[in-house]
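Peer 1: One structure coming up, written as structure tokens, with questions to follow.
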Amino acid sequence: MKKLFFISLLVLSTSSCVSNKVFNSMKAHAINLESEVKAKSVRIDELTSRNQKLSNDYNQAIAERDKLNADLAFLNKQYKELLTDGSEEASRMLKEIEKTQSLLNDRLQQIEELENLLKAREEAILAIRRKVADALLGFEGNGLSISTRDGKVYVSMEDKLLFRSGSFNIDPEGAKAVTELGVVLGQNIDINVMVEGHTDDVPYNGKSQLIDNLDLSAKRATTVVRLLLTNKNIDPSRIIASGRGEFMPIDINDTKEARAKNRRTEIILTPKLDELMQLMDK
């Protein structure tokens, strides 16, 4: 990507149609954008890793719970047998078993708390999906789809709803959908938001100061975020904007229909995981 980026700049710099002032402005803009995209990508990878860790740790916790219950059953059996033995060794072993039982019960309580939090998380995700679906009822199926996967709610908007070809200005109908979604987000402060712009693999050939598809996708994501933030009830710290360019297609076929699917903006909603992650760290 870097190589392509600098080749593009070289071509621009040697063109008689582009002044040094415009070229330098484009170069500075591209460098800043590249730095911003790298930072956002790191944050996205971190959130993805946390979500995967949560799923893995939960599965381990369930396995541990089953083992702990088996261990407790075995200890209880031993405890009953030792109660009938009045020897000093039996008394010592009873104290050890009681101590172990206490530790196992504490751990089982922690796992139960985790299960309750995970259940609450799943219920929160379903509630978010219902609220978003109700708010966007008139748009779903008309260039907008809502899905749930990996503990997140995905609101996917096709370019035909949001943007004209090569543009990062939102069309009026798309603006209505984003604004309606903003109302839901403003009323639910425990939802983190990631806006991802995606393009197809056709090289960008617009005449603005944008460089390529990565630049276009980042600008589109930023435009959506700015519109969401017109709702003053949304804390800007809850939102991440990221440009993905053509590098995360949902359909890899070399067809018009596939490219249409890949040109999209995804608004990804995730309940805050702070309480869950704190419990996991224990």
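The values are calculated or read from the model by the stated rules, or taken from the named source; none is laboratory data. All values reported here derive from a predicted model rather than from experimental measurement. Here the Cβ positions follow ideal geometry from the backbone for every residue, glycine too, while neighbour counts run over all protein chains shown.
Peer 1: Going through the stretch 182-199 one residue at a time, which ones are of a type in the set (D, E, K, R) and surrounded by fewer than 21 Cβ atoms within 10 Å (Cβ to Cβ)?
Peer 2: Correct list: Asp190 only.
Peer 1: Return the pair list, or none, for Cβ contacts closer than 8 Å from residues in the stretch 123-134 that are modelled with pLDDT of 90 or more and surrounded by 13 or more Cβ atoms within 10 Å (Cβ to Cβ) to residues that are of a type in the set (S, T, N, Q) and not in a helix (DSSP H, G or I), at least 6 apart or on different chains.
Peer 2: Ile128/Asn188; Arg129/Thr148; Lys131/Asn188
Peer 1: Mind checking which residues of the stretch 167-219 are of a type in the set (Ser, Thr, Tyr) and under 24 Å from Ile234 (Cα atoms)?
Peer 2: Thr179, Ser217
Peer 1: Here's something else I'd like to know. Might you check whether a residue that is touching a residue at least 60 places away in the same chain (Cβ under 8 Å), in contact with a Leu (Cβ under 7 Å, 6 or more places away or on another chain) and within 30 Å of Leu108 (Cβ to Cβ) occurs anywhere in the stretch 239-249?
Peer 2: Scanning the stretch 239-249, I find no residue that is touching a residue at least 60 places away in the same chain (Cβ under 8 Å), in contact with a Leu (Cβ under 7 Å, 6 or more places away or on another chain) and within 30 Å of Leu108 (Cβ to Cβ), so the answer is no.
Peer 1: I've got another one for you. Restricting attention to the stretch 162-181, which residues are assigned to a helix (DSSP H, G or I) and either among the acidic types (Asp, Glu) or crowded, with 21+ Cβ neighbours inside 10 Å (or both)?
Peer 2: Hits for the stretch 162-181 are Leu162, Glu173, Gly174, Ala177, Val178, Glu180, Leu181.
Peer 1: With the checklist (1) assigned to a loop (DSSP other than H, G, I, E, B); (2) touching a Ser or Thr at 6+ places or on another chain (Cβ under 7 Å) in hand, flag the one item Phe247 doesn't pass.
Peer 2: Going through the list (1) assigned to a loop (DSSP other than H, G, I, E, B); (2) touching a Ser or Thr at 6+ places or on another chain (Cβ under 7 Å), Phe247 breaks only (2).
Peer 1: Separate question: Hey, Val184 hits all of (1) within 18 Å of the chain's Cα centre (by Cα); (2) in contact (Cβ under 8 Å) with a residue 60 or more places away in the chain but one; which does it fall short on?
Peer 2: Among (1) within 18 Å of the chain's Cα centre (by Cα); (2) in contact (Cβ under 8 Å) with a residue 60 or more places away in the chain, the lone unmet condition for Val184 is (2).
Peer 1: While we're looking at this one, here's another question. For the stretch 76-118: of the residues being among the β-branched types (Val, Ile, Thr) and surrounded by 12 or more Cβ atoms within 10 Å (Cβ to Cβ), which is modelled with the lowest pLDDT?
Peer 2: Only one residue tops the list, namely Ile97.
Peer 1: Continuing with this model, one more query. Please verify whether Thr230 is outside any helix (DSSP H, G or I) and at negative phi, treating the condition exactly as stated.
Peer 2: It is true that Thr230 is outside any helix (DSSP H, G or I) and at negative phi.
Peer 1: Residues in the stretch 148-173 that are among the hydroxyl-bearing types (Ser, Thr, Tyr) and modelled with pLDDT under 95: how many?
Peer 2: Number satisfying all stated conditions: 3.
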